[in-house]
Amino acid sequence: MINKKKNLGQNFLKNKKIIIKIIKYINPNKKDIFIEIGCGTGQLTKEIIKYNDNIIATEIDLNLIKKIKKYIIKKIKILNKNILYLNFKKIFKNKEKKIRIFGNIPYYISRKLIIKFIKNIKYIKDIFILIQKEFANCLIAKKNDKKYCKISILLQTYFNIKILYQVNKKYFFPKPKVDSTFIKLKPKKNNKIKFKILNHIINNCFIKKNRKLYNNIKNLIDIKKIKNFKIDINKRVRNISVKKFNYITKIYKYIKKIN
């Protein structure tokens, strides 16, 4: 019997048809290198090792690790570690291939995990994750949408996002309060937007996203200078696209003479 720990946000996918469908989307190859986020009860792990056992699985519940090691025969590496503290550089600096990531993500780490993906993007080939539907809607939100926020801009700047399918909450144990969405993230090529600068700008702008851009950015950039770049500073922050925020980031870098 698996005991769920509430403080870890554990909800385990129990439907084998959906699990097999997830594996088909991932399309594992023998030569791939994988990280599984929170292997939990090992339901996904058991299926994917039929195709590839080159997996580093993370799980913070030691009791679950002890249980799944009894029936996962393949010699995959299971780390009793929070994925947020996994050092991608240390583990993969000598690897010739980029890593593929998959897992069922607890809501409480979702935003922090997206930031970690962005910061480690150079090591990543693709990501397949199951997340809360509401959070998925935030990730894909565009300007003018009420759900459009900082994480929308950050993720869309660095990754292409594809919604693969919706998973009803009834297919989890214990049953959560909301449905989930299975998504694919693929790093964008040749992206030169500096994360620190972009993050700094949107952190300031989204303090009050219903205010005009002028009010939120005047302390960051000389307004007279930014006008020369044809930025409409009278638009409200929530009405400014990801592409435009990327452009503002480039302008900021140029004006501040940041390398």
Kirkwood Rh over alpha-carbon pairs of region 110-165, then Stokes-Einstein at 20 °C and 1.002 mPa s: what D in µm² s⁻¹, rounded to an integer? 182
Just check region 46-113 against the gyration tensor rule for me: Cα atoms, a ≥ b ≥ c as the square roots of the eigenvalues, rounded for a/c under 1.5, and otherwise prolate or oblate depending on whether a/b exceeds b/c. oblate
Explain nothing, just compute: Karplus ³J(HN,Hα) = 6.51 cos²θ - 1.76 cosθ + 1.60, θ = phi - 60°, for every residue of region 206-213 in order, whole Hz, x for Gly and Pro. 8, 4, 9, 6, 8, 7, 5, 3
Helix-only estimate, please: 222 nm mean residue ellipticity of the chain, summing -39500 (n - 2.57) across DSSP H runs of length 4 or more and dividing by its residues, to the nearest 500. -9500 deg cm²/dmol
Give the calculated FRET efficiency between Y214 and N120 to the nearest 0.05, with a Förster radius of 35 Å applied to their Cβ-Cβ distance. 0.50
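Quick note: the coordinates plus some simple rules give every number you see, no bench work behind them. In this text the structure is predicted, and so the values were computed from the model without any measurement. Using ideal geometry, Cβ is built from the backbone for each residue, glycine included, and neighbour counts are taken over all protein chains shown.
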